[in-house]
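J.: First the structure, which I've put down as structure tokens, then a few questions once you've had a look.
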Amino acid sequence: MKKVLIANRGEIALRVHRACQEMGIRTVAVHSTADETAMHVRLADESVCIGPPSARESYLNVANILSAAAITGADAIHPGYGFLSENAKFAEMVEAHGFTFIGPTADHIRMMGDKITAKDTMRRLGVPLVPGSKGALSSLEEARSVAEEVMYPVLIKAAAGGGGRGMKVARDASEIEEAWRVARTEAKAAFGNDEVYLEKYLDRPRHIELQVLADTHGNVVHFGERDCSLQRRHQKLVEEAGSPVLTPAERDALGAQVTAGLRQLGYRNAGTLEFLWQDGQFAFIEMNTRLQVEHPVTEMVCGVDLVREQIRVAAGEKLGYGQEDVRFSGHAIECRVTAEHPETFAPSPGRVTTYHAPGGLGVRVDSALYSGYSVPPHYDSLVAKLIVHAPTRAQAIARTRRALDEMVVDGIETTLPLHKRIMEDPEFQAGDYTIHWLERFVGRNG
């Protein structure tokens, strides 16, 4: 593999570029007209403009991306996360045009992209699930029946959903009809598919995910768990590796179960299985067939470059190590810094007048910001990820607080003040939180 086209933007495009550079692989950056001065464009070996600011006309423009790969002589395409990263048709077209897709097969992307199919697959592989319907609900009457069986409260969710859209809670029988109707309407509007399913609503779960990597030779390993419970409107803000509530034995048991299942499935490349955890029990909710935004915390505790491993696997190499070779060291925390008001969460694009990244032992910043850069209003608001590693969780929190105090992003509003408040909160410091904690915290402090 001599040249990789990076079909993304922002910090993840820069992250992939850095891995390629260290491997001696040349990079091609594609960009919209709004991103012509972006850092990934400035640092890549080559760049190609693929359209106007609208993502639909640029970063989601498959024809233009494939044309850019052809005219630059790229061998492979890395999709990053978001945009086309979990688009099975795109993965198929990349391979059909003679390029290597740095990710899972189109069949596995398609399988896990539909939540009902994904749950059916995991049930077959023996992975624990949230109690609920065994497939899409055919009628409101079936929803009522399943809800009575698993007992209220229940959650009705879009089969093709994500990001909290097409998801409604019914706390008792009087709310089931409204939840059914609203979830289907939202699902149809957001995903063009009004299929929904039902599962038991867990009232105080944590969101815990497991990072896996598989080669094309039947080798599958996991790199432990991440606790992603600090969410607002189903969007993660802070992630930790490992989870404050899991023991190594629990992690190893879940990891053994998952890797055995994925080996049977013939999965390849990176993936993340997401679970709800409550009272010591895991329940699978979905699998992301791509690199995760929060992958750096796993890299910090395992000492592995996941992007490099993705590229190696896509090139047909063996992992070259087994589960017994994966070591977990210390604790890592990631803060997602977004261009939003820290209390109202109103978007805040604009020109960054001053940018200063923190430093010191165990501090990493993944960001494409620089002083003078203008954050465009057309894309996701994530502008930086602060990742900190230390021997213990308490030390990681203290180091994160120090790094947040050092970090400067002037000219736009960011969520840096919110992250500082979270790190200072006694409940967070004690690891005493669920997926509902942050919503209440924001309400208390907003």
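J.: Multiply the residue gap between Ser139 and Ala430 by 0.36 nm, knock off their C-alpha separation, and tell me the result in nm, one decimal place.
T.: The Ser139-Ala430 span can extend by a further 100.3 nm.
J.: While we're here: What do you get for trypsin sites (Lys or Arg not before Pro) in the stretch 1-85 restricted to DSSP loop and a cutoff of at most 14 other Cβ within 10 Å of the site's Cβ? Kindly include the intermediate steps, with their values, before the conclusion.
T.: Values: sites: Lys2, Lys3, Arg9, Arg15, Arg18, Arg26, Arg42, Arg56; in loops: Lys2, Arg9.
Sites meeting the loop and neighbour criteria: Lys2.
J.: Over the stretch 11-169, what is the percentage of antiparallel beta bridges among all DSSP beta bridges, to the nearest 5? Present the calculation step by step, with values, prior to reporting the outcome.
T.: On the way: 4 of 11 bridges.
Bridges in the stretch 11-169 are about 35 percent antiparallel.
J.: Could you calculate the contour length gain from Met23 to Glu317, that is, 0.36 nm times the residue separation minus the distance between their Cα atoms, to one decimal place in nm?
T.: Details: separation 294, 0.36 × 294 = 105.84 nm, distance 1.38 nm.
Here the segment from Met23 to Glu317 would lengthen by 104.5 nm.
J.: Label-point separation (nm) for Ser67 and Val326, each offset 7 Å from Cα along Cα-to-Cβ?
T.: Placing both labels 7 Å beyond Cα along the Cβ direction yields 4.2 nm.
J.: So what is the accessible area of the chain per residue, in Å², with the probe set to 1.4 Å? Before the final figure, lay out each step's value.
T.: Numbers: 17550 Å² over 446 residues.
On a per-residue basis, the chain sits at 39 Å².
J.: Between Tyr152 and Arg232, how many nm apart are label points set 7 Å from Cα along the C-beta direction?
T.: For the pair Tyr152/Arg232, the computed spacing is 3.1 nm.
J.: Between the stretch 175-204 and the stretch 56-74, what is the separation of their alpha carbon centroids in Å?
T.: For the stretch 175-204 versus the stretch 56-74, the Cα centre distance is 35 Å.
J.: Hey, another quick one. Give me the distance between the Cα centres of the stretch 284-337 and the stretch 346-412, rounded to whole Å.
T.: First find each Cα centre; the distance between them is then 22 Å.
J.: In Å³ and rounded to a whole number, note down the convex hull volume per residue for the Cα atoms of the stretch 78-154.
T.: Values: hull volume 10.0 nm³, N = 77.
Expressed per residue, the convex hull around the Cα atoms of the stretch 78-154 is 130 Å³.
J.: For the chain, which whole-number percentage of the solvent-accessible area (1.4 Å probe, protein heavy atoms only) is attributable to carbon and sulfur atoms?
T.: On the way: 8460 of 17550 Å².
Carbon-and-sulfur percentage of accessible area, whole number: 48.
J.: Next question, about the same structure. Residue separation times 0.36 nm, minus the C-alpha to C-alpha distance between His217 and Arg421: what's the value? List each step's numbers first, then the result.
T.: Working: separation 204, 0.36 × 204 = 73.44 nm, distance 4.65 nm.
So the extension gain works out to 68.8 nm.
J.: From a point 7 Å beyond the Cα of His378 in the direction of its Cβ, which residues of the stretch 27-55 have a backbone N at a distance under 18 Å?
T.: 29-42, 47-55
J.: Using modelled amide H (1.01 Å from N, peptide plane; none on Pro or chain starts), what sits under 5 Å from the amide H of Val48, excluding residues fewer than 5 places away?
T.: Those qualifying (amide H under 5 Å, at least 5 residues apart or on another chain) are Ala29, Val30, His31.
The values are calculated or read from the model by the stated rules, or taken from the named source; none is laboratory data. Predicted, not measured: the structure shown is a model, and the values here were computed from it. Counting neighbours? That spans all protein chains shown, and the Cβs are built from the backbone with ideal geometry, glycine included. The area values use the complete protein model at the heavy-atom level, side chains included, leaving out ligands, DNA and RNA. Shrake-Rupley method; radii C 1.70, N 1.55, O 1.52, S 1.80 Å.
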